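Notes for the one structure printed next.
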Amino acid sequence: MPDAARRIDRIDTAARFTAEDAAALNARFAAASAQDVLRAVLVDGVAGRAALVSSFGAESSVLLHLASQIDPAVPVLFLETGKHFPETLAYRDALIAQLGLTNVINLEPDAKALAIKDESGLRWSYDPDGCCEIRKVQPLAKAMAHFDASLTGRKAFQSATRADLPVFELDTSDAAGRLKVNPLIGMTKDDLDAYMVEHDLPAHPLVEQGYPSIGCSPCTSKVAPGEDPRSGRWKGWDKTECGIHVPTSTEVPGADDLPPGYEPVF
């Protein structure tokens, strides 16, 4: 089996990585810290061209800080759905300034898709999957056409569906063989809190109001003590993820159909 670190010379082929490559990387970095994983991805290029996907939510500052210490120019993709809490947008701007991030890219939903499928802006109320598809899944798919891997902030403690995620996994949302990298998967809530205190990182202003997991405002509710941290997301629906972390049947748009004004900096 070829060393995944040497696969960067063929990242432009149809199939970038395989499940076997992901398994080899997990074995290689089994005892690695989050910092070591990020350095291997952002400096050594073991996953090819990588972008960090951030919601600028409750615990986002930890991964963003770790990445900024290695490469403040790392591409950071933020899904500007048009449905965020004002506090989230303010928090995003504050973190960008504090951490010195120089390549945050706001991904907006396609205007034509919104006009056709969500003209009223209320699709979230009767079809949250469809709303997420238009406002999150499709814009991210377009942007990821330029990358070979995404860095996520998922942690095992957040929900049962994330409890057994590996550090490196094959992205099954399309056939391009991209990787998803979860550097923080083994960190506990206490670990994150301690890291934020140590590095003087601000908390999302909604956390202290009872929102341990923060997404779009219409689909995010407060969580009672002892509940799953993500139980406030899409409360009342049989839905636990927005769609960017689970397989979808939607055809992935081409890289030439990016949102107006979007010019990625690599």
**Request:** Report, ordered by the first and then the second residue, all pairs with beta carbons closer than 9 Å, sequence separation of six or more or different chains, a first member in segment 28-44 that is within 17 Å of residue 64 (Cβ to Cβ) and surrounded by 13 or more Cβ atoms within 10 Å (Cβ to Cβ), and a second member that is acidic (Asp, Glu) and at pLDDT 95 or above.
**Result:** 38/71; 42/71
**Prompt:** Say we look at segment 26-59 and pick out the residues that are among the polar types (S, T, N, Q) and either within 13 Å of residue 150 (Cα to Cα) or not in a helix (DSSP H, G or I) (or both); which of these is modelled with the lowest pLDDT?
**Reply:** 55
**Request:** Could you give me the residue pairs with C-beta distances under 9 Å whose first residue belongs to segment 90-110 and is in a loop (DSSP other than H, G, I, E, B), whose second residue is surrounded by fewer than 16 Cβ atoms within 10 Å (Cβ to Cβ) and of a type in the set (A, V, I, L, M) wherever it lies, and which are 6+ apart or on separate chains?
**Result:** 101/73; 102/73; 102/265; 103/73; 103/265
**Complete:** Taking segment 176-190 and the residues there that are within 19 Å of residue 146 (Cα to Cα) and assigned to a loop (DSSP other than H, G, I, E, B), the one that is nearest to the chain's Cα centre (by Cα) would be 178
**Prompt:** Could you list, in sequence order, the residues of segment 73-88 that are open to solvent by less than 50 Å² (accessible area, probe 1.4 Å) and in a helix (DSSP H, G or I)?
**Reply:** 88
**Message:** I'd like to check something: does segment 155-175 contain any residue that is assigned to a loop (DSSP other than H, G, I, E, B), at pLDDT 90 or above and open to solvent by less than 40 Å² (accessible area, probe 1.4 Å)?
**Reply:** yes
**Prompt:** Across segment 176-212, what is the number of residues that are at pLDDT 90 or above, surrounded by fewer than 18 Cβ atoms within 10 Å (Cβ to Cβ) and closer than 17 Å to residue 32 by Cβ?
**Reply:** 1
**Fill in**
Per the list (1) touching a strand residue (DSSP E or B) at 6+ places or on another chain (Cβ under 6 Å); (2) modelled with pLDDT of 90 or more, residue check on residue 111 breaks on (1)
**Complete:** Of the residues in segment 11-21 that are farther than 26 Å from residue 72 by Cα and surrounded by fewer than 22 Cβ atoms within 10 Å (Cβ to Cβ), the one that is modelled with the lowest pLDDT is 13
**Odd one out for residue 123 among (1) under 23 Å from residue 191 (Cα atoms); (2) open to solvent by less than 60 Å² (accessible area, probe 1.4 Å)** = (1)
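The values are calculated or read from the model by the stated rules, or taken from the named source; none is laboratory data. Keep in mind that this is a model prediction, so the values were computed, not measured. All Cβ positions, even for glycine, are placed from backbone atoms using ideal geometry, and neighbour counts span all protein chains on display. Each accessible area value is taken on the protein alone, full model and side chains, heavy atoms only, with ligands, DNA and RNA left out. Shrake-Rupley method; radii C 1.70, N 1.55, O 1.52, S 1.80 Å.
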